[in-house]
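Written below as structure tokens is the structure these notes are about.
Readers should treat all values here as calculations from the given coordinates under stated rules, not as data from a laboratory. Because the structure is a prediction, the values reported are computed rather than measured. Here the Cβ is made from the backbone with ideal geometry for all residues, glycine too, and neighbour counts use every protein chain on show.
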Amino acid sequence: MEREWEPDWVPLPIEVEQGSAGESFHGVQRLDALLPADAETGVVQENAFHTYLGAMMEMAARHGQHLSVLNIGADDGKMVRFLGAEGAALIGRAIGRYLRQETRAHDVVGRCKDVDRDSIPTFLIVALLMNEEQVAPIAERLREAMMAHAGGESEPALNFSIGIATMSVDASEPAELIARAAAALRQARLAGGGQVWRHSDSVRRIFERQSQELRDEE
């Protein structure tokens, strides 16, 4: 597959792991450390993430495996409004750092090309070999961990929402899958924020609304 990455990319730094006795070793690094890094957030650039996702979707389709994408973003709140546009980059870097801390070494965290109304970037994670039902509990644990990092679960400085979408016949291209995950994130925020929303939740809501409209017409 042709790579469309920028020629002057710099890979993410290698993670230094601590052994049980406190010694450092360099034998383990994150998979996304091998991909071009976004200078603002430290996660994988959007174009590189898109290319990687496409390759993984082709592999998953070829072997009949699941693949899901998570779209993570900070909800509107007092901290976001206090920092304003000048603090958007700071929040973006913090979210990127949280995601890399709280995900596995083989997870790939990337930046979404879209930003929210406060100019804070949203982020993407590829969840290999998992459908929505399997990855939803992991997404919830990730959301809670990020809240704890952001100031405690009782009164977090930042709250987060996550949208999930799984590859399917009608979402077999990277752009389509990312769009579904982004739509799920928007629904999570519209529903009050601070939650995980699956694409299937949106589909179910549409069916319920249509069923109710049919009952009202009878």
Cα centroid separation - segment 95-139 against segment 70-84, whole Å: 15 Å
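Between Asp170 and Leu31, what's the calculated FRET efficiency when r is the beta-carbon distance and R0 is 22 Å? Round to 0.05. Before the final figure, lay out each step's value.
Details: r = 28 Å, r/R0 = 1.29.
It comes to 0.20.
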Built amide H within the under 5 Å cut-off of Val108, gap 5+: Val126
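With r defined as the distance between the Cβ atoms of Phe82 and Ala183 and R0 fixed at 30 Å, what FRET efficiency is calculated, to the nearest 0.05?
Numbers: r = 28 Å, r/R0 = 0.95.
Efficiency, from the Cβ-Cβ distance: 0.60.
Per-residue counts of other Cβ atoms within 10 Å, averaged by peptide: what ranking do you get for 121-127, 181-187, 59-65, highest first?
Numbers: 121-127: 24.6, 181-187: 21.3, 59-65: 11.4.
So the order, starting with the most tightly packed, is 121-127, 181-187, 59-65.
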Dipole in debye (nearest 20) - segment 47-127, about Cα centre, beta carbon charges: Lys, Arg +1; Asp, Glu -1: 180 debye
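Evaluate E = 1/(1 + (r/R0)^6) for His63 and Phe207, where r is the Cβ-Cβ distance and R0 equals 30 Å; express this FRET efficiency to the nearest 0.05. Don't skip to the answer; put the middle values down first.
On the way: r = 31 Å, r/R0 = 1.02.
In this case the efficiency is close to 0.45.
For segment 29-116, which GluC sites (Glu not before Pro) are in a loop by DSSP, counting at most 16 other Cβ atoms within 10 Å?
Working: sites: Glu40, Glu46, Glu58, Glu86, Glu102; in loops: Glu40.
Taking segment 29-116 and a limit of 16 other Cβ atoms within 10 Å, the loop GluC sites (Glu not before Pro) found are Glu40.
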Footprinting exposure proxy for Lys113, Lys78 (fewest neighbouring C-beta atoms within 10 Å first): Lys78, Lys113
